[in-house]
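Notes to accompany the following structure.
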Amino acid sequence: MIRSAIDPRPRVVRLKEAAELLSVSPKTVQRLIARGRLKRIEGLRYILISLREIDEFVNRSGSDHHGRTS
């Protein structure tokens, strides 16, 4: 996790952590990225996803499924 000096909470997470936050497998997160439903931070060796992107994905998914977040 990458943390800022001002805010001790992580701002980005790696693939496995993103999967845990979304309660899905890392492979599912990779599929979501491949389908353009979740954006990764480009140009890095590891797959990193911002917490803001995860929050936005959850909000979009909830509205796509009329209240269901699965």
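Under a 5 Å amide H cut-off, with hydrogens placed 1.01 Å from N, Leu48 pairs with Ile41 among residues at least 5 apart or on other chains. When nucleic acids and ligands are ignored and a 1.4 Å probe is applied, Arg11 ends up with an accessible area of around 150 Å².
The values are calculated or read from the model by the stated rules, or taken from the named source; none is laboratory data. Since the structure is predicted, the reported quantities are computational estimates derived from the model, not experimental observations. In case anyone asks, the SASA skips ligands and DNA or RNA and just uses the protein heavy atoms, side chains included. Shrake-Rupley method; radii C 1.70, N 1.55, O 1.52, S 1.80 Å.
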